[in-house]
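To keep things clear, I will list the structure first and then write my remarks on it.
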Amino acid sequence: MSPNHPAVEALGVAVAARVPVLLWGAPGTGKTSAIRAMAQAMGLPCETVIASIREPSDFAGLPIVVGDGVRFAPPAWARRLAEAGHGLLFLDELSTAPPAVQAALLRVVLERVVGDLTLPDAVAVVAAANPPEQAADGWDLSAPLANRLCHLAWQTDARSVADGLAGGWAAPVVPVLPDGWQAEEILSRGLVAAFLHVRPALACAPPSDAASAGRGWPSPRTWEMAARLMAAAGAAGTGDDARSALIMGAVGEGPGVEFLAWLVEMDLPDPEQVLADPASFRLPERGDRAYAALAAIAAAVAADPTPARWTAGWQVLGLAADAAPDVAAVAARVLARCRPDGAALPAEIHLFAPVLRNAGLLQA
Amino acid sequence: MSDRGIEGLAAARLWAATRFPYLATGVFGAQVVADRGSGTVSVDESWRMRADPELTAAWTPAQLGSVLVHHVCHLLRTHGERAQAAGVRPDEARTWVRAADAEINDDLVPAGLDLPGRPVLPRDLRAEDGLLAEQYFDGIRRAQRAPAHGAKGGREAGDQDRSAQSEGETAGAWLDCGSGADGMPRPGQQPDGRGGALPRWQAELLRRQVAQDVMAHGKQPGTVPAGLLRWAEEFLSPKVNWRVLLAAELRRAVAEVAGAVDYSYRRPSRRSAVAGQVVLPALRRPVPEVAVVCDTSGSMTADLLAMVLAEVEGLLRTLGLARQVRVLACDTAVGPAQRVNSARQVQLTGGGGTDMGAGIRAAAALRPRPAVTVVLTDGYTPWPAAAPKGMRIVVGLLGAQAPDAPPWARAVRVEPD
């Protein structure tokens, strides 16, 4: 896939932010090669561990009897990563690992603890898996393990396969996050906290059916992960599509979409504030946002039509009439229908006569 | 947002937003730019519309507004993406667009859409209203493949005929709707994220907003066309395919038994060499026995049962468990455990009453004892008060009206599709 494909970009951000990430994709779509190429491009040692052919003791440490007790010896790949001080731990074929091995992986993925050894903070954990319906003997990921990872869908399209065959596969680029990027995390945590205040039910919602258990689902841990990824995506200047893929990957698709929709809505002006001070109104650029803003203002006036609010509403529409006559005219029709007693006809009403007449909505 | 070189755009959008208030967000969300000399109004998947001002100058605001609404519907119903999924070849793009047009127009034209020319309606494709573009497309394909070559002289010929004379006469042969309708990339099209294109996730949010508007308007009966309402319902709460759910539940039930990978001292561990005198246990993985209990009472539908049973057998085969499966037929009495080779061999005996409790008890009495039992029933049955010990139950509830399964079982609703 091309390096600016949202999934590839998202993978880079997750690795840069050291958030464990899992790529879901059909066999043979280049997940493994993309991750190896990424490690090589970064000059990092990459340890590939195929989870499905390992035993739990490979991740929990092999018990060894020493003089006065038992030590849980970490395997060689863990020791190599610890010695290097940084690197990529790549857990391949995660969904074909039997449940007992998945249980042993819980601490490895989140806390980077293998046996008695703790891997350095600079080690990034990346995993790849085939959807259970495509793997020969796939298991669904257990809900606790799924909750520790950011899930990204790895889909290839014909065009990028053609490009890759012709011109070689480009390695995903891991962005270099500027120093102090964590400061932005406070901001994004604040946003998440404000959202969960509005939708408390989404703070923790374990999946109810087996099919969705193996994907991202909202919990305090994944919301924290989402906040971290959002901050990292902002610091790295990634595209919006990659950012939304990261958020949905952490907390699941439904809650992620709701959060993104809430973020967009938060940008709209507050109708009551605008009515208190019509001159401060700035029309949003995009047509649908302008429509949402003006419709909200018209609805606010209609809900409590005093002469002062009604006149203020017309002033706002007057400001918008030049840039978006059609959008403002829709709101004007709402206002015209709720004229309070004693309100004088505003001058702005004449601005909309031509467009209303052209649309055949005004009798001459 | 003003006219941008297209005369009457503002009036057209106002007409559209007033006539179809539930689509107003979509109509205003699309960016419209003038594209002189293109001879059409087209839309791409990033919500950008290009309109030829010379073409639209001849239209009334209602006609231009209708074209905008029509194109917004292409985007709402993701015809571009669906064309790719349906495997539409470039030379079939026009046929696909006719099918997609029919999907949109069948309920919007009666609702007051005033398209210039003669819009494609399902009856032009000799199909009934209310189908999906894929179904219309299949119908056209089949009609074209039909051996009667003489039929090509009919109305369908306009499909291949791009000559100017026939335009406006043949239904729908007048416009290239753009990549937003057929998924074929156009030369010179700017990539996503540039030139006012809507990023994918924002397009998704926009579609969601429109779907919510449609649902809100739909609360007053008769205001929103049924087809659009159905789209919004499907979009906001998509139906999950029962096959996926059934597969996941079965895998989970088997994984929790088979995957209870446990330590055993019957064999020494592969890792024993490092442990010196200590004997480490090895991992063992029991292979579970599976029983399928089929409700064979008269209220069951034979075809649906056969379909689900085939699905269950297929799933178990992929899990490597096909040899372990035994099938029991059950109404009030339990028939002998049948070894079936194909789902079709299960006979519906059609007794009056049903008691799945008897079936579950019979499954528990089998030797070797099944660890997982799949119960396929229409739900009109008494159930045991508690789950049987040491056995996982997955219930497939067949039919849309099936009552709920008991809380101790994992249930999947199977609706005929």
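Between A:Ala343 and B:Ala333, the distance separating the two model label sites (each 7 Å from Cα on the Cα→Cβ line) works out to 8.0 nm. Computed on chain A, with alpha-carbon pairs under 8 angstrom and 6+ residues apart, the relative contact order is 17 percent.
Solvent exposure of A:Leu91, expressed as accessible area, is near 0 Å², computed with a probe of 1.4 Å over the protein chains only.
In the context of the full set of protein chains, chain A has a per residue accessible area of 43 Å² (1.4 Å probe).
Against chain A, whose longest principal axis is taken from its Cα atoms, helix A:240-251 shows a tilt of about 60°. Of all the options A:Glu93, A:Glu111, A:Glu224, the one that moves most in a Gaussian network model of chain A with Cα springs shorter than 10 angstrom is A:Glu111.
Other residues within the sphere of radius under 13 Å centred on the Cβ of A:Pro340, judged by their own Cβ, net out at +1 (K and R +1, D and E -1).
Taking other residues whose beta carbon is less than 12 angstrom from the beta carbon of B:Thr18, and scoring Lys, Arg as +1 and Asp, Glu as -1, yields +2. Over the range A:1-141, Cα pairs under 8 Å with separation of 6+ residues give a relative contact order of 32 percent. Debye-formula intensities of chain A, expressed as log10 I(q)/I(0) at q = 0.10, 0.11, 0.12, 0.15 Å⁻¹, are -0.73, -0.81, -0.90, -1.19 (one equal scatterer per alpha-carbon, no solvent). For chain A, the longest principal axis of the alpha carbon atoms and the long axis of helix A:183-198 meet at an angle near 60°.
Rounded to the nearest 100, the interface formed by chains A and B buries 4000 square angstrom of accessible surface, both chains summed, with a 1.4 Å probe. Taking the square roots of five times each eigenvalue of the Cα gyration tensor of the range B:1-91, the equivalent ellipsoid has semi-axes of 23, 16, 10 Å, listed largest first.
Computed from the Cβ-Cβ distance with R0 of 22 Å, the FRET efficiency linking A:Ile50 to A:Gln134 stands at 0.85.
Summarising the label geometry, the points placed 7 Å from Cα in the beta-carbon direction at A:Val65 and A:Ile186 lie 5.5 nm from one another.
Contact-buried residues of the range A:277-297, at a threshold of 30 Å² lost accessible area versus the chain by itself: A:Arg286, A:Gly287, A:Asp288, A:Tyr291 (1.4 Å probe; DNA, RNA and ligands ignored). In the complete set of protein chains, residue-level accessible area for A:Met42 is approximately 70 Å², probe 1.4 angstrom. Taken residue by residue and averaged, Cβ atoms of other chains lying within 10 Å of the Cβ of B:13-23 number 5. The alpha carbons of the protein assembly as shown give a radius of gyration and a Dmax of 30.7, 103 Å, in that order. Just which residues of the range A:59-74 lose 10 Å² or more accessible area with every protein chain there, against their chain alone, with the probe set to 1.4 Å? The answer is A:Leu62, A:Pro63, A:Ile64, A:Val65 - residues whose exposure falls by at least 10 Å² when every protein chain is included.
Suppose accessible area is computed on protein heavy atoms with a 1.4 Å probe; arrange A:Glu253, B:Glu234, A:Glu47, B:Glu134 from highest to lowest.
So, going from the largest accessible area down, we get A:Glu253, B:Glu234, B:Glu134, A:Glu47.
Spin-label pair B:Trp408-B:Arg89: with each label point 7 Å from Cα along the Cα-Cβ axis, the two points sit 5.9 nm from one another.
If both residues of a DSSP beta bridge must be in the protein assembly as shown, then about 25% of such bridges are antiparallel. Residues of the range B:68-109 falling in the label zone of B:Gln144, defined by backbone nitrogen less than 12 Å from a point 7 Å along Cα to beta-carbon, are B:88-99.
Using the rule -39500 (n - 2.57) for each DSSP H run of four or more residues, divided by the residues of the protein assembly as shown, the 222 nm mean residue ellipticity is -13000 deg cm²/dmol. Note that the range A:253-264 has calculated 3J(HN,Hα) couplings of 5, x, x, x, 4, 4, 5, 5, 4, 5, 4, 5 Hz, one per residue in order, obtained from phi through the Karplus relation 6.51 cos²θ - 1.76 cosθ + 1.60 (θ = phi - 60°); glycine and proline are x. Computed about the Cα centre, the dipole magnitude for the range A:159-226 is approximately 220 debye when only Lys and Arg (+1) and Asp and Glu (-1) carry charge, each at its Cβ.
Compute the signed sum of charges (Lys and Arg +1, Asp and Glu -1) over the other residues within less than 14 Å, Cβ to Cβ, of B:Lys389.
That works out to +3.
The gain in end-to-end length when the B:Ser38 to B:Ala58 segment is fully stretched comes to 5.7 nm, 0.36 nm per residue minus the alpha carbon separation.
For the range A:247-283 and the range A:39-68, what is the separation of their C-alpha centers, rounded to whole Å? Answer, in whole Å: 45.
Taking all Cα pairs closer than 8 Å and separated by 6 or more residues, the relative contact order of the range B:2-96 comes to 29 percent. The mean count of C-beta atoms from other chains within 10 Å of the C-beta of residues in A:237-248, rounded to a whole number, is 3.
The range B:79-118 and the range A:154-204 have their alpha-carbon centroids 35 Å apart. May I ask which residue of A:Pro307, B:Phe137, B:Val374 lies farthest towards the positive end of the charge dipole of the protein assembly as shown, with charges of +1 (Lys, Arg) and -1 (Asp, Glu) on Cβ and the Cα centre as origin? Sorting the options by dipole projection puts first B:Val374. Seen from a random direction on average, the alpha-carbon convex hull of the range A:105-147 projects onto 3.7 square nanometres.
Give me the angle, in degrees from 0 to 90, between the Cα long axis of helix A:220-236 and the longest principal axis of the Cα atoms of chain A, rounded to the nearest 10. Helix A:220-236 sits at roughly 80 degrees to that axis. Between B:Asn241 and A:Ala205, the FRET efficiency estimated from the beta carbon spacing at R0 = 25 angstrom works out to 0.70. Legend: mean number of C-beta atoms from other chains within 10 angstrom of residue C-beta atoms, peptide A:90-103, equals 2.
If you roll a 1.4 Å probe over chain A with all protein chains in place, what percent of the accessible area is carbon or sulfur?
C and S fraction of accessible area: 56 percent.
The values are calculated or read from the model by the stated rules, or taken from the named source; none is laboratory data. The structure presented is a predicted model; accordingly, all values stated were derived computationally and were not measured. In this analysis, Cβ positions are derived from the backbone assuming ideal geometry, glycine residues included, and neighbour counts consider all displayed protein chains. We work out accessible area using only protein heavy atoms, side chains counted, and drop any ligands, DNA or RNA first. Shrake-Rupley method; radii C 1.70, N 1.55, O 1.52, S 1.80 Å.
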